[in-house]
Amino acid sequence: MKILLAKDAGYCFGVRDAVNLAYDTAKKHGDVYMLGDIVHNESVVADLNKAGAKVVKNIDEVPDGKPILFRAHGTSVETWKNAQSKDMNIIDATCPLVEEIHDEVKKLSKEGRKIIVIGDHGHDEVVGIASQVSDAIIVSNIEEAMELRKMKKAGVVSQSTQTIENVQKIISIIMTKVYDLNFVNTICFPTKRNQNQIKDLAKQCDVMIVIGSFTSANSKRLTLLAKEINDRSYQVTNADEIKIEWFTGAKTVGLSAGASTPDNIIDDVL
């Protein structure tokens, strides 16, 4: 049986840098605290916790003098201001590509545009993007896009890990609602690259395996993309979840992984 691994499966540079920064900060200060999981992967979070990178629900839980790490997904403006007002030691691990989306949103808003964010409601990254301006609208699907009122000027960005297909469908509807529309394609290049690679693999292979946590939005999207092309596509969080019956009669198996999946888990599955 031939196994093909997507060239860029696993950690994107933003996640890798954030995780490394968490380890380095914990080593330097003894402990570092994060508002929620640094990445959407249970194994990584557990390993970081052992190293001293701990998860808290709010900044009031951070002990005096200990650093707080703002994660790769980005952090709301309100939380930034709160931490700064307390003179906390902030370690900023925000992905540079997410910071670019924050900048685009502010530019569009200065042009007098209503801001629309294509993304998942409640997702950390989307909350951070929307917080850059007042009264941003979040649209996650075509049904919500259909419900938008007509408006004169709007600026649209997307969550960095959205699928191109979903964004295209939503934009085509928003175009009918807005007279003066400025859309900035903020799907990040690692996401575009990984999505293209999984589409190619799904066509070539009898079976597709996507490795990633079910709490990871981009892992779930990769699985959906694979399933649209190849119905023998499965998502696993680790090697223990692989089922032998998936491979009956299979000559080629394709493997990919979400941007928050570490190398050791990919190696185990491989």
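Can you bin the chain into rounded, prolate or oblate? Criterion: square roots of the alpha carbon gyration tensor eigenvalues sorted a ≥ b ≥ c, rounded for a/c under 1.5, prolate for a/b above b/c, oblate for the rest. Taking the square roots of the gyration eigenvalues as a ≥ b ≥ c, the chain is oblate. Compared with the direct C-alpha span, the chain from Tyr23 to Asp231 gains 71.0 nm at full extension, assuming 0.36 nm per residue.
Take the Cα of Thr252, step 7 Å along the line toward its Cβ, and report every residue of segment 1-29 whose backbone nitrogen sits under 15 Å from that point. Inside the label zone: 1-7. Within the accessible surface of segment 26-185, defined with a 1.4 Å probe on protein heavy atoms only, the carbon and sulfur portion equals 48 percent. For the chain, modelled as a GNM whose springs connect Cα atoms under 10 angstrom apart, the maximal fluctuation among Arg149, Arg221, Arg113 occurs at Arg149. Using the average count of surrounding beta-carbon atoms within 10 Å as a protection proxy, the listed peptides 44-50, 55-61, 254-260, 179-185 rank, highest first, as 254-260, 44-50, 179-185, 55-61. Using 0.36 nm per residue and subtracting the Cα-Cα separation, the extra length available between Gln204 and Val184 on full extension is 4.0 nm.
Normalised size of segment 190-263, defined as Cα radius of gyration per 2.2 N^0.38 Å with N residues, equals 1.00. Helical content of the chain, expressed as a calculated mean residue ellipticity at 222 nm, amounts to -12500 deg cm²/dmol (DSSP H runs of 4 or more residues, -39,500 (n - 2.57) each, divided by residue number, nearest 500). Note on segment 1-135: Cα-only Rg and Dmax are 16.6, 59 Å. Both numbers refer to the Cα atoms of segment 128-270; Rg and Dmax are 18.0, 57 Å.
Solvent exposure of segment 22-152, expressed per residue, is 51 Å² of accessible area, with all protein chains present and a 1.4 angstrom probe.
The values are calculated or read from the model by the stated rules, or taken from the named source; none is laboratory data. Just so it is clear, the structure is predicted and the values come from calculations on it, not from any experiment. So basically every Cβ, Gly included, is an ideal-geometry build from the backbone, and we count neighbours across all protein chains shown. Quick note on the areas: whole protein, heavy atoms, side chains included, nothing else; ligands and nucleic acids left out. Shrake-Rupley method; radii C 1.70, N 1.55, O 1.52, S 1.80 Å.
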